Amino acid sequence: MVRKLTKTIIQMSTVLVFIIALLIAFSIPFGIIPPLGKFLFPGGGLWDIPEDVVSRDTITAPSLSADVTVFRDEWGVPHIYGESEEDIVFALGYIHAQDRLFQMDMARRVTRGLLSEVVGEDALETDKFSLNKLKDYWAQQTLDEMEASSDPIDQIIYQEILAYSEGVNYYIKNMKFLPLEYLFLNFKPAVWGPIDTLSFIKYMSEDLSWSYEDLTHLKIYESLGLDAYLELFDLPYQIPITVDYGEYNSSLSPLAAFRNLKEITQTQQSVIHELSNIFSFFISDIEKIPGEKKLIEDNEFVGSNNWVIGENKSESSLPILCNDMHLGHDLPGIWYEAHLVNTDPLSDFNVYGFFLAGVPFPVVGHNEYIGWGFTNTGFDVIDWYYYNGINESHYWYKGVETAYTFIEYEIPVKNQDPVIFNVKNTVHGPVMTDFVDSTGRSGHEYDVIACKWIAHNVSYESRALYGWAHAKNRDDFNDASRYFYTPAQNTVYADIHGDIGIRPTGKVPIRDDSNIPSWHFGNGSLPYNGSAGNGEWIDYVPFDFLPTSENPDQNFLVSANQISAGPDYPYHLQHPLDINRGYRARRINNLIASGEDFTVEDMKSIQLDVYSLKAGNFTPYLVDVVNSISSRDTLQQSALDLLLDWDFIMDKEEATPAIFYLWIEIFQEETFNDEMRDMGCPNTPSHTVLEVLTKTNETSIWFDDINTPQTEIRDDIILRSFNMALQGLEDYFGTDDVSQWQWGEINTKYIPHLTGLSALAYGPVGVDGTEDTVNPVYRKDIWSNDEVVLSRGSGGASERMIIDFNNLNNSLSIIPSGERGITNSKHYVDQLEMFLRGEYHVQYFSADTVEKFQEKWIESRIYFKSGEN
Amino acid sequence: MNVKETFSQILSFLDKRASYMGFVFCFIFALIFVFTPLWQLSILASFIGGLFYNKMSKGALIGLAGVASAWIIYIVIEILSTQAYVLFDQVGGIILGLTGYGWVFILVLILIGAILGTLGGSFGSGVRMLIETKQEKTSE
């Protein structure tokens, strides 16, 4: 008996040990893997995440003044009907949180330096750097000023932002499950505040206007010298966005002012060299900061197209407005579509637009009267300053020992005490050198670098967004545009009255360059001596003097990030390196100028156009050279046959685009890289400059390879590049059958999830186009270290919108993701798949009352009831 | 009737039906508990099932079968009626770096359920054996 008892107890003890071990093992996290029991086992975690919203839901909210009805259509787009705008944006906040909560949460944490709170001390440097950019500080200043404002419009906007926050928080408070990302990262969303909404403006401003180009500019200038710089970084073939400031002339480009510079002395050269070294070290250290490298890389993806056609171009005689903003892609996508309708009989508020989840106002879109769309201006709105430091607390400014000012932050950090962090400021802006360790030189240990950025201001962009959403005509639109300080945008406009226009809009500084050294370009193009008081911002370009065009004779307007205005425009707006080289602008202008009676279908075909103007311009030179070879081998002949028969469409299923694109990349490298590497120049001149040289100067010194004894000319480099391209493609594809070298096999699109987790990403999938086609794909080079590499483009059109003012219900939209960020939702990538097929969806804009929204369009519905729960 | 007698009668009642009642109780409780956020209760379900047997191996077997079958039914229904498989595929990708292996995760999950059931069931039987041994000792 005792023996049996002992045996049982031993067995039970063993079992108990295993039970306890499993209980512990499944209840604690392992590295990034959350407690598996709560995360994976039936009854909770993943199993609680519904694939989609319920088909019918009723929610009672005490803060509503009246009932609100939300219908989601088959793409999950909400159509929100309420009797007041505060109620409508409350519902929008709820819906945004329902669909995009993790994205909203991450965006505010990244912008406001709150990542460490949920990720831990690994994110501390990222948070410090983010706070150091003063986005949170100026968002808070804007909020405080808005709250205190006696302007009734400001108060309406403030109250709507509050109502929106309440909607977000109502969802957070009552949510029944946590999205996968929260479960995996093991934290819960915090309360949403109005500051979070306002910080989004700073977030977008950072994405589109924060730039280190001044430093690159300096390095190019230092390495090439003035003459080569002016020749190789010129801006040929530009077609100004606004048509009223003269024909573009390369000799009058933004570089023109630099042509007046006198020869640089040896002493000046050594000053430039020393400065260039300091900033080179600075930028290489900055790239090591997590998040900053991505921001710099994503800047390469910033583009966009918008255009509008007027009565003589449109079949209906009323305008059609098109917009596709190009950004780095993520899942979920940056844009969220929604349709808001105020059903109060006294209101005609009915707007369909693309929102940032986190902001209650549409960024682009249309109402019943007007429509508007954006492209980035590339205005030069950030300057870099270097200072002679005295010690940790003081620096020289205009001959006076000046104390730094400090802004103190307490950064919450997961699993440890908060960390105190002080942002150190000069008179211009935050000191950035505390994050790097390589700028200190002997005897200059206290020297610092700081920046001044347009987003370091109280700004009322939300008032512009509110104004555009409510505008009824051109005057209303212009009034609202005054408030859009940053990020500056080429805002295209059209209305039901037949008016069209475009307005590069934003606040642009005017610098005092009266005391800069003679070698300096001025206009904020190079870093300034902050201690000497160089490059002070003394004013801003007055809004009424910003370039604009309205109802031009040509009956259309196009922007694709090219130069804003022609030579007659008096103010400096853009940094030459931030101006797009212009192939997209040229193509769109050509297409629209040469046609008429355009319809919405025609506009779709332009947005989806993958004709390569670049290929059209370069290929004849390539063909001539290959044709001139007396004895072509099989590979050369096969490639030539394809090139001769090519229509310059960058079709993913064809081989010719792969041959051309690889060739042009190698041609560019073989032309410039020998000298650029030798001189230490960080950038390679653009394809448009290469186009000029190819067309006009076949014996240019740049075609000569300085590493060979003989002198090469254009055709030598064309042929060498062609042979290298064929060899590279043969090696990559493992076949000499050129028809197998499909463009889509090396030119792919990959949409990452915003956490970077590849399992939540989409692709890679082969796609048409290049970075220079109207329908673009932005990516790294496919020719790297003398071999072909798979290109995973992760930038391009972040939305497509076509607004037909003849029949607004005929307007179309698409986003390259889906409305919901819930990774198992059918609306996670449904629109992305349509987008890749070149499809659009209708907007159901005519449903301006609940009754008009047809039953067959409804996928799900939420009834928000006013009253206590 | 005193407590001891009542308990003996209950055990006797259970014994007569133990061949299937243990499984039924374990299965029903496990099925109920998968609708709660407390996964630890699956051990309790199998523990209850195990109480029907006075051999730990039998308790283990019934715990295994009861919890595993409850989890399988829950998982199959969820996968057929929702996009849960997509989530498991994604989680598999996150943890293993490979997509298309969500089914492996699900099999492992069922295996874990079976292990929890086995342990809970055998512990339940063990408790029963201890009680019975104590009773026998007392009656002697």
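The values are calculated or read from the model by the stated rules, or taken from the named source; none is laboratory data. Everything quoted here is computed from the prediction, not taken from an experiment. So basically every Cβ, Gly included, is an ideal-geometry build from the backbone, and we count neighbours across all protein chains shown. Heavy atoms of the whole protein, side chains included, go into the accessibility calculation; ligands, DNA and RNA do not. Shrake-Rupley method; radii C 1.70, N 1.55, O 1.52, S 1.80 Å.
In whole angstrom, how far apart do the alpha carbon centroids of the stretch A:24-79 and the stretch A:535-607 sit?
44 Å
Contact order normalised by length for chain B, with contacts defined as Cα pairs under 8 Å and 6 or more residues apart; what percent is it?
In percent, rounded to a whole number, it is 31.
Between the alpha-carbon centers of the stretch A:634-709 and the stretch A:363-422, tell me the distance in whole angstrom.
The two parts, judged by their Cα centres, are 41 Å apart.
Rounded to the nearest 100 Å², what is the buried accessible area between B and A, both sides summed, probe 1.4 Å?
For B against A, buried area totals roughly 3600 Å².
Pull out a ≥ b ≥ c, the square roots of the eigenvalues of the alpha-carbon gyration tensor of the stretch A:745-796, then state rounded if a/c is under 1.5, prolate if not and a/b is larger than b/c, and oblate in the remaining case.
Judged from the Cα gyration tensor, the stretch A:745-796 comes out oblate (a/c at least 1.5, b/c at or above a/b).
How large is ³J(HN,Hα) for each residue in the stretch A:786-803, as worked out from phi by the Karplus curve 6.51 cos²θ - 1.76 cosθ + 1.60 (θ = phi - 60°), to whole Hz, x for Gly and Pro?
Each residue's phi maps through the Karplus curve to give 6, 8, 7, 10, 5, 9, 10, x, 10, x, x, 4, 8, 6, 10, 9, 10, 10 Hz.
If Lys and Arg each add +1 and Asp and Glu each add -1, what is the summed charge of the other residues whose beta carbon sits under 9 Å from the beta carbon of A:ILE370?
Taking every other residue near A:ILE370 into account, the sum is -2.
For A:ILE201, what accessible surface area do you get with a 1.4 Å probe? Give it in Å², rounded to 10.
20 Å²
Considering amide H positions built from the backbone, and no H for Pro or chain starts, which residues 5 or more places from A:GLU654, or on another chain, come under 5 Å of its amide H?
For A:GLU654, the qualifying residues are A:TRP743, A:GLY744.
Once every DSSP H run of n ≥ 4 in chain B is given -39500 (n - 2.57) and the sum is divided by its residues, what mean residue ellipticity at 222 nm do you get, rounded to the nearest 500 deg cm²/dmol?
Helix-only estimate at 222 nm: -29500 deg cm²/dmol.
Compute the angle between helix A:634-644 and the longest alpha-carbon principal axis of chain A, please, reported from 0 to 90 degrees and rounded to the nearest 10.
80 degrees
What angle do you read, to the nearest 10 degrees and between 0 and 90, between the alpha-carbon axis of helix A:152-174 and the longest principal axis of chain A?
So the helix axis and the longest Cα principal axis differ by about 60 degrees.
Once phi is turned into θ = phi - 60°, what whole-Hz ³J(HN,Hα) does the Karplus curve with 6.51, -1.76 and 1.60 give for every residue of the stretch B:79-95, x standing for Gly and Pro?
Once rounded to whole Hz, the list reads 5, 6, 9, 9, 9, 4, 4, 4, 4, 5, 4, 5, 5, x, x, 5, 7.
Under the definition of partner shielding as Cβ atoms of other protein chains within 10 Å of a residue Cβ, what is the mean value for peptide A:104-112?
0
Compute the helix-to-body angle for A:687-696: its Cα long axis versus the longest principal axis of chain A, expressed 0 to 90° and rounded to tens.
Orientation of helix A:687-696: about 20 degrees from the principal axis.
Kindly write out, for the stretch A:555-564 in residue order, the coupling ³J(HN,Hα) from the Karplus curve 6.51 cos²θ - 1.76 cosθ + 1.60 (θ = phi - 60°), rounded to whole Hz, with x marking Gly and Pro.
Whole-Hz 3J(HN,Hα) from phi for the stretch A:555-564: 6, 7, 9, 9, 10, 8, 6, 7, 5, 6.
What's the average, rounded to a whole number, of partner chain beta-carbon atoms within 10 Å of each residue's beta-carbon in B:75-84?
Partner Cβ neighbours, averaged per residue: 3.
What accessible area per residue, rounded to a whole number of Å², is obtained for the protein assembly as shown using a probe radius of 1.4 Å?
On a per-residue basis, the protein assembly as shown sits at 38 Å².
Accessible area, 1.4 Å probe, largest first: how do B:PHE105, A:PHE672 sort?
Largest to smallest exposure gives the sequence B:PHE105, A:PHE672.
For a test of the definition: using alpha carbon positions, the gyration tensor, and the 1.5 limit on a/c, classify the stretch B:1-117 as rounded, prolate or oblate.
Here the stretch B:1-117 falls in the prolate category.
Can you pull the mean other chain C-beta count within 10 Å for peptide A:7-14?
The shielding value for this peptide is 5.
Could you please state, rounded to a whole Å, how far the C-alpha centre of the stretch A:769-838 is from the C-alpha centre of the stretch B:106-140?
58 Å
Per-residue accessible area for A:TRP537 at 1.4 Å probe radius, Å² rounded to 10?
Per-residue accessible area (A:TRP537): approximately 40 Å².
For the stretch A:745-796, give the percent of accessible area contributed by carbon and sulfur heavy atoms, probe 1.4 Å, rounded to a whole number.
Within the stretch A:745-796, the accessible surface is 39 percent carbon and sulfur.
Do you know which residues of the stretch A:741-773 lose at least 30 square angstrom of accessible area in the protein assembly compared with their chain on its own, with a 1.4 angstrom probe?
Buried on complex formation: A:ALA759.
Grab the DSSP H runs of chain A that are 4 residues or longer, score each as -39,500 (n - 2.57), total them, divide by all residues and round the 222 nm result to the nearest 500 deg cm²/dmol.
Value at 222 nm, helices only, nearest 500: -11000 deg cm²/dmol.
Could you compute how much accessible surface A:LYS826 exposes when probed at 1.4 Å, giving the result in Å² to the nearest 10?
A:LYS826 exposes around 100 Å² with every protein chain in place.
Classify chain A as rounded, prolate or oblate from the Cα gyration tensor: take a ≥ b ≥ c as the square roots of its eigenvalues, call it rounded if a/c is under 1.5, otherwise prolate when a/b beats b/c and oblate if not.
rounded
Cα to Cα, under 20 Å, and not fewer than 8 places away if on the same chain: which aspartates and glutamates meet these conditions relative to A:LYS176?
Qualifying aspartates and glutamates at Cα under 20 Å: A:ASP48, A:GLU51, A:ASP52, A:ASP57, A:ASP99, A:ASP105, A:GLU166, A:GLU819, A:GLU868, B:GLU78.
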